[in-house]
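Readers should treat all values here as calculations from the given coordinates under stated rules, not as data from a laboratory. Fair warning: this is a prediction, and the values are worked out from it, not measured in the lab. Cβ placement follows ideal geometry from the backbone for every residue including glycine, while neighbour counts extend to all protein chains displayed.
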Amino acid sequence: MPVVYPHHQPPDSPRHAVLTTIASDSHTWNLLFLQLLLEEQGWEVTNLGACVPVDVLVEEAAARTPDLIVVSTVNGHGAEEAPGLARAVRAVPALAEVPLVVGGKLDTSGSTGPDVHAALTDAGFDAVLTGASAVPGLLALLDGLPEHRHGRSHADAVR
Amino acid sequence: MPSAEPAPAAGAFHRFMADAARVGALVVQPRMGFADPARMRAGLIATRAADATTVGTLTLDSFTRVGDYAAAARAAAQGHHLNGYPLVSMDRETTTGLLDGVHGPGFPVQVRHGSARPGRIVEALIAAGLDATEGGPVSYCLPYGRTPLATSVRAWAEACRSLAALREAGTEPHLETFGGCMLGQLCPPALLVALSVLEAKFFRRHGLRSVSLSYAQQISPEQDEEAVHALRALAADHLPDTSWHVVLYTYMGVYPETRVGALRLVADAARLAVRTGAARLIVKTPAESARIPSVEENVTALETAAAAARTARPAAPPPSTGIEAEARSLVEAVLHLHDDLGQALVRAFAHGYLDVPFCLHPDNAGRTRSFISDRGRLEWSRTGSLPLGRSTAATPSRRLTSSGLLHALNHVRNRYDDPAALLGRAG
């Protein structure tokens with residue numbers, strides 16, 4: 001039997017997530033799954049699809065500041081490319097505090113070490129989600145985010 | 001002046017496949033790529049030495065695939081692990097050096113990449129003395145990025161002409177469609193067959209005379225057998241004056257995690273290939289579900305496939321469930337849209353005559369959906385504007401959810417990783 005994730009009733013003004021991947025990653029099943037998952041949690045999702053250049057992500061996110069940016073990548077280049085993505089996002093004042101998470105298969109070895117996690121958080125990610133705990137970790141993180149954009153800072157909510 | 005006919009004698013990949021067809025051996029091939037030239041060479045040598053009829057593969061890295069050659073060069077120079085060989089960023093001598101004494105008439109090497117703009121890759125492979133690659137204007141565009149379909153069509157037309165120009169120098173180049181593998185899983189077979197045929201026709205119209213048509217193993221052996229027979233029937237009708245064969249891909253979706261399950265899946269793919277008259281098989285390895293496989297894991301997969309192939313015999317097609325008729329409807333409808341096949345493909349996607357379920361590309365209409373039926377077959381739940389003549393959409397029992405999608409994506413993994421399945425098989 002499939003795992004069934006609990007559904008949340010959509011609030012009147014749903015929180016908005018930008019869902020993206022790194023520029024070299026062509027995989028999309030992970031993005032489709034996460035879109036459905038976030039929507040079931042009551043989020044509105046802008047799914048940017050495969051191979052998103054960093055400037056496209058920054059442009060989309062800056063045009064309408066989201067409540068969350070999720071970077072999902074499984075091609076093994078995440079450790080290489082995602083730090084640059086985080087720095088570019090954090091360099092935009094409007095996006096400096098938006099919760100920013102990355103997950104998937106981040107390098108070619110299949111086991112993401114603590115050094116990779118540290119490099120990603122140093123670059124500006126609030127959470128690095130890999131392995132079997134990635135989806136439960138994301139759900140827990142969503143629960144910890146504020147219902148509305150005003151109030152306490154998003155960064156505090158996920159750190 | 002060189003004459004275009006008869007077909008040139010040289011062309012390592014073309015010649016090897018023609019010879020293998022005469023002997024009747026299934027050719028098996030890995031999907032192998034490493035950034036380090038020494039490791040890449042070792043991988044090719046091990047592929048050649050495997051106990052199987054093999055051809056070699058240079059799979060390129062993701063930076064090269066999206067055209068970021070500078071990033072590929074930088075990562076390779078710093079010794080970072082790339083997920084393939086950065087062909088365009090390496091100097092030609094490095095590539096010819098790694099191929100020297102390995103690539104040749106007895107062991108051709110195909111370049112696999114995934115690029116919607118393959119011009120530089122085709123230039124580089126020709127410069128390195130290679131003559132075979134794969135892809136297609138639709139299959140290397142829609143699933144893999146944001147390049148507009150019209151841009152990919154133009155780039156692929158140009159790349160086909162560059163490759164076809166090898167004929168003037170006496171080499172018969174070979175190009176394989178990737179259209180039979182769209183998104184790897186959950187695409188109903190008739191659309192895979194139609195796309196593979198349309199891309200092969202596109203290659204033929206842009207000068208190629210030696211092509212292969214791909215089809216990726218899906219979830220039902222009976223449905224796959226019917227589909228490959230349909231692909232061969234359509235290829236025979238649509239590719240006159242062309243040397244062609246079918247290449248089967250071992251399941252491209254979420255792969256079994258257990259070693260026994262993974263090897264059983266590749267063995268089933270090999271038997272499917274032999275039963276349906278496919279000439280070549282792309283294998284996957286037990287490591288596939290977690291990471292980039294090692295050379296040894298690739299060799300094990302190649303030898304497992306070859307051993308399974310020896311136990312199978314060609315078989316008559318199963319009773320029709322309409323795959324060939326559906327595929328023909330799609331192909332004919334697209335061909336009627338424009339005399340120029342590239343223009344026809346662009347219009348077909350704009351009209352939703354071709355519409356790949358679950359594909360997020362902006363040029364895909366996104367009005368179709370598929371599901372796994374209770375009989376364990378891939379069926380349409382929404383056919384959108386597909387010109388199928390009749391409504392062939394069935395009704396799934398419930399709406400699509402994240403867990404339902406995950407369950408469908410894991411259908412094959414779960415089946416092959418289940419130890420009870422082994423017992424059922426033996427009984």
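The table below gives the values:
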{"quantity": "Cα gyration tensor, chain B - rounded (a/c under 1.5), prolate or oblate", "calculated": "rounded"}
{"quantity": "At R0 = 56 Å, FRET efficiency that the Cβ-Cβ distance of B:HIS407 and B:ARG154 yields, to 0.05", "calculated": "0.90"}
{"quantity": "Anisotropy class of region B:134-241 from Cα gyration tensor, a/c 1.5 cut", "calculated": "oblate"}
{"quantity": "Student exercise, region A:61-130 dipole from Lys, Arg, Asp, Glu Cβ charges, in Debye to nearest 20", "calculated": "180 debye"}
{"quantity": "Calculated FRET efficiency for the pair B:ARG382/B:GLU93, C-beta based, R₀ 51 Å, to 0.05", "calculated": "0.45"}
{"quantity": "For B:55-62, mean number of other protein chain Cβ atoms within 10 Å", "calculated": "2"}
{"quantity": "Cβ-derived FRET efficiency at R0 56 Å, B:ASP237 paired with A:THR46, nearest 0.05", "calculated": "0.80"}
{"quantity": "Distance between modelled label sites at B:ALA21 and B:ALA350, nm, 7 Å Cα→Cβ extension", "calculated": "3.7 nm"}
{"quantity": "Positive-pole candidate from B:PRO108, B:ALA269, B:LEU335, dipole of chain B, charges at beta carbon", "calculated": "B:ALA269"}
{"quantity": "Residues in region A:43-69 reached by a label modelled at A:GLU97 [backbone nitrogen below 18 Å; 7 Å Cα→Cβ]", "calculated": "A:62-69"}
{"quantity": "Dipole magnitude of region B:12-310 about its Cα centre (Cβ charges: Lys, Arg +1; Asp, Glu -1), debye to nearest 20", "calculated": "280 debye"}
{"quantity": "Shielding by partners - mean other protein chain Cβ count within 10 Å, residues of A:28-35", "calculated": "5"}
{"quantity": "Under 5 Å, built H, 5+ apart or other chain: amide partners of B:ALA10", "calculated": "B:GLU172"}
{"quantity": "Packing-based exposure ordering (other Cβ within 10 Å, fewest first) of B:THR311, B:THR321", "calculated": "B:THR311, B:THR321"}
{"quantity": "Hz values of 3J(HN,Hα) by residue in region B:402-407 - Karplus curve (6.51, -1.76, 1.60), Gly and Pro given as x", "calculated": "4, 6, x, 4, 4, 4"}
{"quantity": "Relative contact order (%) - chain B, alpha-carbon pairs under 8 angstrom, separation at least six", "calculated": "16 percent"}
{"quantity": "Length added when fully stretched, B:SER320-B:VAL260, from 0.36 nm per residue minus Cα-Cα", "calculated": "18.4 nm"}
{"quantity": "Relative contact order computed over region B:37-102 (Cα-Cα under 8 Å; 6+ residues apart), in percent", "calculated": "37 percent"}
{"quantity": "Where labels lie 7 Å past Cα in the beta-carbon direction, separation of B:ARG120 and B:ALA38 in nm", "calculated": "2.7 nm"}
{"quantity": "Evaluated at q = 0.07, 0.09, 0.11 Å⁻¹: base-10 log I(q)/I(0), Debye formula over Cα of the protein assembly as shown", "calculated": "-0.40, -0.68, -1.03"}
{"quantity": "Overall form of region B:144-199 per C-alpha gyration tensor (a/c, 1.5; a/b vs b/c)", "calculated": "oblate"}
{"quantity": "Order of B:ILE372, B:ILE121, A:ILE22 under a 10 Å beta carbon neighbour criterion, fewest first", "calculated": "B:ILE372, B:ILE121, A:ILE22"}
{"quantity": "Region A:57-126, relative contact order in percent, only Cα pairs under 8 angstrom and at least six apart counted", "calculated": "42 percent"}
{"quantity": "Value of [θ]222 nm, deg cm²/dmol, for the protein assembly as shown, DSSP H segments ≥ 4, -39500 (n - 2.57) each, nearest 500", "calculated": "-13000 deg cm²/dmol"}
{"quantity": "Region B:343-388: trypsin sites (Lys or Arg not before Pro) falling in loop per DSSP and having at most 15 other Cβ within 10 Å", "calculated": "B:ARG367, B:ARG375"}
{"quantity": "Exposure proxy order (Cβ contacts within 10 Å, fewest to most) of B:TRP244, A:TRP29", "calculated": "A:TRP29, B:TRP244"}
{"quantity": "Fraction of beta bridges assigned by DSSP in region B:12-310 that are antiparallel (%, nearest 5)", "calculated": "5 percent"}
